[in-house]
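Student: Take a look at this one; I'll ask things after.
The values are calculated or read from the model by the stated rules, or taken from the named source; none is laboratory data. Everything quoted here is computed from the prediction, not taken from an experiment. As a convention, Cβ positions derive from the backbone with ideal geometry for all residues, glycine included, and neighbour counts pool all protein chains shown. For accessibility, only protein heavy atoms count, side chains too; no ligands or nucleic acids. Shrake-Rupley method; radii C 1.70, N 1.55, O 1.52, S 1.80 Å.
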Amino acid sequence: MKKILLIVLLIFTIAISIYFAQKSTTRNNQQEPIYTLIENYNQSRETGDTALLNNILTHDIDQLVSSGEWRIGLEAATKGMMSSSTNNPGKRTITINKIRFVNPETAIVDAKYEIQNSDDSERKMWSTFIVIYKENSWKITAIRNMLPSK
């Protein structure tokens, strides 16, 4: 009886290990397209590419910027992003710190967002992106930009 119990326990442990290992691999494979998505977002802001921006944002996107302005919907977000990039020129860098999957189709992306201004000053912020898997690709559905007090 002890041998049977030991064998069942061993099989159960192996099965659990395999199950969670596969889940982890899937999540790691999903991170690469999210990194690409955020790079595309940054590139679209740098180059003023509204076609790329419209392709990677959802129609119902909402964005809260560090000034407190809410941008609701694709048109308002795109217009605001392009205006902001024009009015605040500089090299933008977004560095992802963490990706947390809420479920297989939704993730929270925390990143450092820095703008190197033309006068060599830096604006250091935090950004959180909510991304969803929709229409066979990852898209940004919400952005929160924060300006740390320190």
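Student: Just to verify a number: what accessible area does Ser137 come out at with the full protein assembly present, 1.4 Å probe, Å² rounded to tens?
Tutor: 40
Student: For region 72-131, what class follows from the C-alpha gyration tensor (a ≥ b ≥ c being the square roots of its eigenvalues): rounded when a/c is under 1.5, otherwise prolate if a/b is larger than b/c, else oblate? Before the final figure, lay out the partial values.
Tutor: Working: a/c = 4.18, a/b = 1.44, b/c = 2.91.
The shape class here is oblate.
Student: Hey, if we sort Arg123, Arg45 by accessible area with the 1.4 Å probe, largest down, what's the order?
Tutor: Of Arg123, Arg45, the descending order of accessible area is Arg123, Arg45.
Student: Continuing with this model, one more query. Given Ala107, Ala142, Phe129, which one lies farthest toward the positive end of the charge dipole of region 98-147, if we put +1 on the Cβ of every Lys and Arg and -1 on the Cβ of every Asp and Glu?
Tutor: Ala107
Student: First measure r as the distance between the Cβ atoms of Glu32 and Met1, then evaluate 1/(1 + (r/R0)^6) with R0 = 35 Å and state the FRET efficiency to the nearest 0.05.
Tutor: Here the calculated transfer efficiency is 0.10.
Student: Further question: With label points built 7 Å along Cα→Cβ from the Cα atoms of Tyr133 and Ile108, find their separation and express it in nm.
Tutor: 2.0
Student: Accessible area per residue of region 49-150 at 1.4 Å probe, in Å²?
Tutor: Working: 5740 Å² over 102 residues.
Each residue of region 49-150 exposes 56 Å² on average to a 1.4 Å probe.
Student: Just how large is the dipole of region 42-83 about the Cα centre, in debye to the nearest 20, putting +1 at every Lys and Arg Cβ and -1 at every Asp and Glu Cβ?
Tutor: The calculated dipole for region 42-83 is roughly 60 debye.
Student: In what sequence, largest accessible area first, do Asp119, Asp49 appear using a 1.4 Å probe? Can you show the working numbers first?
Tutor: Numbers: Asp119 110, Asp49 55 Å².
Output order, biggest surface exposure first: Asp119, Asp49.
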